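One structure is given below, encoded as structure tokens.
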């Protein structure tokens, strides 16, 4: 059993908490606002079927508690606010699980390279009436992470996990791939209808530009499925985005606000080396 704290008590952090607590790990959720109040009232993460996973709840990370790990599931643009608490924490490891384009060495320098683990949760989770609905064990869902031990912890909690040593490349390629989808979702959500062909074409151009920045920074485009997308003609990429915009999945991304895609676009532009084009990314920035 591990003693685990989770910073970020939203849908992703709650999905981790639910499965880890079900697997008999001691889970402390660090929350705030209405989510803190809900967790304090319930003393558990509750799923849509009414199953309860008891958790300890706190409004701040106790620096003196030697957690086996702190899982960080806040959005990347919220990270600076929690770095001081992570730096001061006595936790053995800090497991960053977020969508980020920033250089990972910044986080290693902030909390100690020997404590850092990096991963990303590729799974669907949401709240319905305050209850968690998640799909962490379905085909194509799970966690990609650079630490085999934590991959095994997740698997034992019925969260699929894949080990990837080069998480910097993986994360940056993921941001390049997902940004046009996130921003397309914003358009679909606001309009209540699918993308026009010119909109899909602009997003496809930004997709190519993002991958070009990743490669210009010296990274591989991974995993294989993402690399395969880069080989498609731009018109085919636009066609995929156009078709996706007519499904409920894309529109559901749009109700989560513009802050995350805006911050990710800014991070890609800031990291782009001299001479790399970012005009298309600037044009789709929310």
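Each value in this text was obtained by applying a stated rule to the coordinates, not by laboratory testing. Here the structure is a predicted model, which is why all the values come from computation and not from measurement. Quick reminder, even Gly has a Cβ in these numbers, built from the backbone with ideal geometry, and neighbours come from all protein chains shown.
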- Message: Please compute the contact order of the chain in relative form: average sequence separation of alpha-carbon pairs under 8 Å and at least six residues apart, divided by the residue count, as a percent.
- Response: 14
- Which length gain, in nm to one decimal place, applies between residue 3 and residue 255 when the Cα-Cα distance is subtracted from 0.36 nm times their residue separation? 87.4 nm
- Message: I'd like the antiparallel share, as a percent to the nearest 5, of DSSP beta bridges with both residues in the stretch 1-152.
- Response: 40
- Task: For residue 87 and residue 231, calculate 0.36 nm times their separation in residues minus their Cα-Cα distance, and state this gained length in nm to one decimal.
- Result: 47.7 nm
- Message: Compute the angle between helix 33-42 and the longest alpha-carbon principal axis of the chain, please, reported from 0 to 90 degrees and rounded to the nearest 10.
- Response: 40
- Item | Percent of Cα pairs exceeding the 23 Å cut-off, where the set is the stretch 167-284 | 24
- Item | Sorted by Cβ neighbour density within 10 Å, fewest at the top, the residues 152, 164 | 152, 164
- Could you tell me how many degrees, from 0 to 90 and to the nearest 10, lie between the Cα long axis of helix 259-271 and the main elongation axis, the longest principal axis, of the Cα atoms of the chain? 70
- Query: Hey, what D do you get for the stretch 89-163 in µm²/s if you plug the Kirkwood alpha-carbon radius into Stokes-Einstein at 10 °C and 1.306 mPa s?
  - Reply: 117
- Note on the structure: Fewest-first ordering of 41, 35 by Cβ atoms within 10 Å yields 41, 35
- Rg and Dmax of the stretch 107-214, Cα atoms, in Å? 17.2, 48
- Message: At 7 Å along Cα-to-Cβ for each site, give me the label-to-label distance between residue 224 and residue 110 in nm.
- Response: 3.5
- Value of relative contact order over the stretch 167-284, rounded to a whole percent, pairs C-alpha under 8 Å and six or more apart: 41
- Note on the structure: The relative contact order of the stretch 3-163, taking Cα pairs under 8 Å that sit 6 or more residues apart, comes to a percentage of 21
- Could you state, as a whole-number percent, how many of the C-alpha pairs of the stretch 18-139 are farther apart than 22 Å? 39
- Item | Helix-only [θ]222 nm of the chain, DSSP H runs n ≥ 4, -39500 (n - 2.57) each, per residue, nearest 500 | -14500 deg cm²/dmol
- Message: Going by Cα centres, the stretch 4-73 and the stretch 189-241 are how many Å apart?
- Response: 35
- Mind ordering 135-144, 91-100, 18-27 by average Cβ neighbours within 10 Å, highest first? 91-100, 18-27, 135-144
- Item | Cα long-axis angle, helix 167-191 against the chain (0 to 90 degrees, to the nearest 10) | 70
- Where does each of 1, 182, 244 land when they are ranked from fewest to most other beta-carbon atoms within 10 angstrom? 1, 244, 182
- Note on the structure: antiparallel share of DSSP beta bridges within the chain, to nearest 5, in %, is 35
- Message: With both bridge residues required to lie in the stretch 81-196, what share of the DSSP beta bridges run antiparallel, to the nearest 5%?
- Response: 55
